[in-house]
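Please treat every number below as a calculation from the coordinates, not as lab data. Note that the structure is a prediction, hence the values are computed from the model and not measured. As a convention, Cβ positions derive from the backbone with ideal geometry for all residues, glycine included, and neighbour counts pool all protein chains shown.
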């Protein structure tokens, strides 16, 4: 929504839109100063400062020491986490994710669908020095990530089409799917083989394998993945990783009420 449109809104609505504009800008940076933030959201520094102080007092924003830079706290994530199912999926998955981490030493992610993207809701960092960059709460496209493909593959084709209807397919690498029509046949293969892959589609030099986690109704509610640099890839390791992922996802699914894990 343009700033002119915001300014024509009632004061209360305009204030809400400004707050969320600031939160979104903060979410795109680890930390940011008022001058840069005000330029991004096209508001005066005094207005941005006033909102920041209120959000800081409520615990949503932190000020980084004496640097006068601001960052988001985890309070927003805590609110978002409450939108997950009543069962504490993250707590249950954490145990299996740490097992996978110890076995593989690679980065382990838990991701869920949010509108037309995936959101990482839990992560165990790689034990290697060479690792991928990611963070809990980060959004990534469905079409170029292993978890995203898994979350789409276990939906009806019509639902997957609807989810992707307004998605702009941006090529991060030469391997990235360029359209919905190019991706949909791959989803059939993902479902048949029981896992999804990101073969340097999101980032050059990085691969990822993911499998589904089912809730008690047999609905895929999350994806569990292992990410690793291509220099540490081998077909033997891939087969081992798929088996490890299925073992972990089967256990998680069973603990949240689903006992017919298909792989």
*Going by the alpha-carbon gyration tensor, a ≥ b ≥ c the square roots of its eigenvalues, is segment 192-258 rounded (a/c under 1.5) or, if a/c is not under 1.5, prolate (a/b greater than b/c) versus oblate?*
prolate
*Working out 0.36 nm times the residue gap between residue 235 and residue 159, then minus their Cα-Cα distance, what length gain in nm do you get to one decimal?*
24.1 nm
*Can you sort 152, 72 by how many other beta carbons sit within 10 Å, fewest first?*
72, 152
*What residue among 147, 118, 90 shows peak mean-square fluctuation when the chain is described by a Gaussian network model with Cα springs under 10 Å?*
90
*How far, in degrees from 0 to 90, does helix 235-255 lean away from the longest principal axis of the Cα atoms of the chain, to the nearest 10?*
70
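Stretched out fully, how many nm does the piece from residue 35 to residue 16 gain, at 0.36 nm a residue minus the Cα gap? Walk me through the intermediate numbers first.
Details: separation 19, 0.36 × 19 = 6.84 nm, distance 2.07 nm.
Working it through step by step, the gained length comes to 4.8 nm.
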*Going by the alpha-carbon gyration tensor, a ≥ b ≥ c the square roots of its eigenvalues, is segment 151-233 rounded (a/c under 1.5) or, if a/c is not under 1.5, prolate (a/b greater than b/c) versus oblate?*
oblate
_Can you tell me the orientation of helix 45-57 relative to the chain, as the angle in degrees between its alpha-carbon axis and the longest Cα principal axis, to the nearest 10?_
60
*Pull out a ≥ b ≥ c, the square roots of the eigenvalues of the alpha-carbon gyration tensor of segment 83-216, then state rounded if a/c is under 1.5, prolate if not and a/b is larger than b/c, and oblate in the remaining case.*
oblate
*Nearest 10 degrees, 0 to 90: helix 11-27 Cα axis against the chain principal axis*: 50
*Candidates (i) 53, 41, 39; (ii) 58, 44, 31; (iii) 58, 39, 38; which is the computed Cα extents along the principal axes in Å?*
(iii)
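Report the relative contact order of the chain, percent, no decimals, based on alpha-carbon pairs under 8 angstrom and at least 6 residues apart. Working shown, then result.
On the way: 412 pairs, mean separation 37.3, N = 263.
Result for the chain is 14 percent.
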